[in-house]
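**Student:** Questions regarding the structure given below will be posed in turn.
Just so you know, all these numbers are worked out from the coordinates, no wet-lab data involved. Bear in mind the structure is a predicted one, so any value in this text is a computation, not a measurement. Cβ sites come from the backbone with ideal geometry, for glycine too, and all protein chains shown count toward neighbours.
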Amino acid sequence: MRIVVDLNRCQGYAQCVFLAPEVFQLNGEEALVYEPNPDDGRRLQVERAAAACPVQAIVVERLAAAERSVAS
Amino acid sequence: MTVAATLAELVRDFRANGRIVIVGASLAGLRGAEALRAEGFTGPLTIIGDEPYEPYDRPPLSKQVLKGWVPADHTALPRLRALDAQWRLGVAATGLDRATKHVLLADGEQVPYDRLLIATGTRARPWPNPDEAALEGVYTLRSRDDAAGLQRALAARPSRVLVIGAGFIGSEAASVCRDLDIPVTVAERGSAPLVGALGGVIGEIAAQMQRDHGVDLRCGVGVSSLEGDAGGHVRRAHLSDGTTVAADVVLASLGSIRNVEWLEGSGLAAGFWGVGCDAGGRAFDINGVATDSVYVAGDVARAPHVLYEYQFLAMEHWDNAVLGAQAAAHNMVNLEPHYRPNLLLPGFWSGQFGVNIKSVGVPPFGDEIVFTQGSVKDRRFAAAYGRRGRIVAAVTFNHGRWLEYYGRLIQESAPFPPPPPGWDRPDDMKPMPADFPEPGVPTAVPDVVLTGHDPNERRAEFRPRR
Ligand SMILES: Cc1cc2nc3c(=O)[nH]c(=O)nc-3n(C[C@H](O)[C@H](O)[C@H](O)COP(=O)(O)OP(=O)(O)OC[C@H]3O[C@@H](n4cnc5c(N)ncnc54)[C@H](O)[C@@H]3O)c2cc1C
Ligand code: SF4
């Protein structure tokens, strides 16, 4: 699955870090880093984190892989 | 039919059958395409990108990817809706014919459009000497491939890394080197890191932060040449102060070049600072007249900003790409008076040396700075920038939660120094000169630049053709 965090919005509340520590980490006190392409097995965790983010900074992909179809 | 009804019919018809082409398949291109569909555009949509990859996110490249936590190919951007677009990836646009409304591609094909969105962004400024730039171990950092290469080089534990240019990307890379316990030298021509973007007062703090983390920081020096070994691998650098640095990985982080060359001859206001456009993303032609069919968004755009005396701003910021593309997309499928501006207050974040740096507004627009909250010693503070008695920007170090407060003050043109938020007061609240380099003093280039004509500086001369 694919995610992106709008770090302009993110205020380092770390809710996501508690809920999905393998995906979201704090580098220092406030600087959030994250895995933009976590395993599908973590979807539930990530969705919980996205829902819990007080500023709704976590954007989770809403498309199935088949619909992404990119011709190269 | 009334005129209004005819116009409404035209808009309906365009949304159903118009042909839209987007050049640049990255953040602004993707978010623009999604916004077009969200706005009800159902006509044919073509997205052209010279990179072989589908749109990916760049900020992680200099952070989690360099560190080795996240592979470079894990940065593809999430898709927010089905696009039903024709993707032309791995092929560059090489020209624009506005008379016949065609985009020319490197493979010889011509793609017709009714409306065009230019989102070609910027590229890394390469090390100026091509022979030296070609040495193995010399990198720039802009693309997924750059990041993958540099990450591999760091993982091989070089004896020393040399970072040339201490802007945001150079400073972030230096920070990662220290996280990985790799010796790193940073050479910056300006007086301190980040000085172009945040000024000398904050630059001094950034410098101290680098030194505290064991960076060998050299300011006020340039790198004059790079030297390789017999195998063509970079081994050392000669500095303008006569010293040498032995390094087997070199990152040239010298700012960026706007991808406008393909627009030569198109008659658009495209140049060194990007493509001029109005606040709604409508590109200007070479005479400064807004076009109806060509739009611009993201790093390559520069537009007048109402909060900054209508001076032109070029912003290399993530949220400017997102919001600029969304405003342009809206305007592409609507008519005046329903146009929407991209009145984004510029904002930027950076993570380095364990500190979250954020700014809002345009710091280099200000000439004074005042610490308003927190403690510099603890690397946890907020500071505001002012110009002529009003607040124009703010920066926070590990104090991001307060940014919104300052953003509001900036939008209201509140007085400078701003009223103290009354929480976490610093010891010293006296405004002082923000200490930005004089124009023309070489530093790592700031990532928001005022590119307009300042009536106080009569430097340009207009000579109409006789
Ligand atoms: C390493 C790095 C770290 C960053 N960190 C931050 C950060 O922490 N915070 C922040 O706010 N911003 C950050 N940024 C800036 C942010 O990534 C950019 O503002 C954003 O990517 C701009 O998006 P864009 O779509 O306008 O341009 P780009 O991302 O530059 O995309 C333009 C695309 O167009 C393609 N293209 C160019 N010319 C042509 C052509 N002729 N034909 C076809 N395609 C073409 C390019 O190859 C590219 O894929 C960072 C950037 C980098 C490189
Ligand atoms: S929960 Fe939201 S605001 Fe908090 S750290 Fe995570 S992304 Fe940032």
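**Student:** A:E67 to B:K377: FRET efficiency via 1/(1 + (r/R0)^6), r the Cβ-Cβ distance, R0 56 Å, to the nearest 0.05?
**Tutor:** Efficiency, rounded to the nearest 0.05: 0.60.
**Student:** While we're looking at this one, here's another question. Report, to the nearest 10°, how far helix A:43-52 tilts away from the longest principal axis of the Cα atoms in chain A, using its own Cα long axis and a range of 0 to 90°.
**Tutor:** Relative to chain A, helix A:43-52 is tipped by roughly 50 degrees.
**Student:** Enumerate the calculated ³J(HN,Hα) couplings along the range B:142-147 in order (Karplus 6.51 cos²θ - 1.76 cosθ + 1.60, θ = phi - 60°), each rounded to whole Hz, writing x wherever the residue is Gly or Pro.
**Tutor:** 9, 9, 4, 5, 3, 5
**Student:** When the dipole is taken about the Cα centre of chain A, and only Lys, Arg (+1) and Asp, Glu (-1) are charged at their Cβ, what size is it in debye, to the nearest 20?
**Tutor:** Values: 7 positive and 10 negative charges, 42 e Å.
The calculation lands at about 200 debye.
**Student:** Let me ask another. Which whole-number percent is the relative contact order of chain B (Cα, under 8 Å, 6+ apart)?
**Tutor:** RCO, chain B: 15 percent.
**Student:** Hey, another quick one. In degrees from 0 to 90, rounded to the nearest 10, what is the angle of the helix B:318-332 Cα long axis to the longest principal axis of chain B?
**Tutor:** The two axes meet at around 10 degrees.
**Student:** Can you give the calculated 222 nm mean residue ellipticity of the protein assembly as shown, where each DSSP H run of n ≥ 4 adds -39,500 (n - 2.57) and the sum is split over every residue, rounded to the nearest 500 deg cm²/dmol?
**Tutor:** -6500 deg cm²/dmol
**Student:** Looking at chain B, identify the longest residue range that excludes and avoids all GluC sites (Glu not before Pro) in DSSP loops having at most 16 other Cβ atoms within 10 Å.
**Tutor:** Counting at most 16 other Cβ atoms within 10 Å as exposed, the longest clean stretch of chain B is B:110-263.
**Student:** May I ask what percent, to the nearest 5, of DSSP beta bridges between residues of the protein assembly as shown are antiparallel?
**Tutor:** Close to 65 percent.
**Student:** Straight-line reach from B:K67: which lysines fall under 30 Å, measuring Cα to Cα and dropping same-chain residues less than 8 apart?
**Tutor:** Correct list for B:K67: B:K358, B:K377.
**Student:** If amide H atoms are built 1.01 Å from N in the plane of the peptide, which residues on other chains or at least 5 residues away come under 5 Å of the amide H of B:L117?
**Tutor:** Under 5 Å from the amide H of B:L117 lie the amide H atoms of B:V21, B:I22, B:V23, B:Y295, each far enough along the sequence or on another chain.
**Student:** Shape call for the protein assembly as shown from the C-alpha gyration tensor, a ≥ b ≥ c root eigenvalues: rounded (a/c under 1.5), prolate (a/b greater than b/c) or oblate?
**Tutor:** Rounded is the answer for the protein assembly as shown, as its axis ratio a/c remains below 1.5.
**Student:** Efficiency by 1/(1 + (r/R0)^6): what FRET value for B:E227 and B:R152, r their Cβ-Cβ distance, R0 = 30 Å, to the nearest 0.05?
**Tutor:** Between B:E227 and B:R152 the formula returns 0.85.
**Student:** Here's something else I'd like to know. Ordered by packing density, taken as the mean number of other Cβ atoms within 10 Å over each peptide's residues, highest first, how do B:114-127, A:49-62 rank? Walk me through the numbers on the way to the answer.
**Tutor:** Numbers: B:114-127: 23.2, A:49-62: 16.9.
So the peptides B:114-127, A:49-62, ranked by packing, come out B:114-127, A:49-62.
**Student:** Using a Förster distance of 35 angstrom, determine the FRET efficiency expected from the C-beta separation of B:S240 and B:D292, and round it to 0.05.
**Tutor:** 0.10
**Student:** Classify chain B as rounded, prolate or oblate, taking a ≥ b ≥ c as the square roots of the eigenvalues of its Cα gyration tensor: rounded when a/c is under 1.5, otherwise prolate if a/b is larger than b/c and oblate if not.
**Tutor:** Because a/c hits 1.5 or more and a/b fails to exceed b/c, chain B counts as oblate.
**Student:** Considering the options A:A52, B:G214, B:L7, tell which one lies farthest towards the positive end of the dipole of the protein assembly as shown, charges being +1 on Lys and Arg and -1 on Asp and Glu at the Cβ, about the Cα centre.
**Tutor:** B:L7
**Student:** Modelled label-to-label distance, B:R19 and B:R401, 7 Å Cα→beta-carbon offset: nm?
**Tutor:** Result: 5.4 nm between the two label points.
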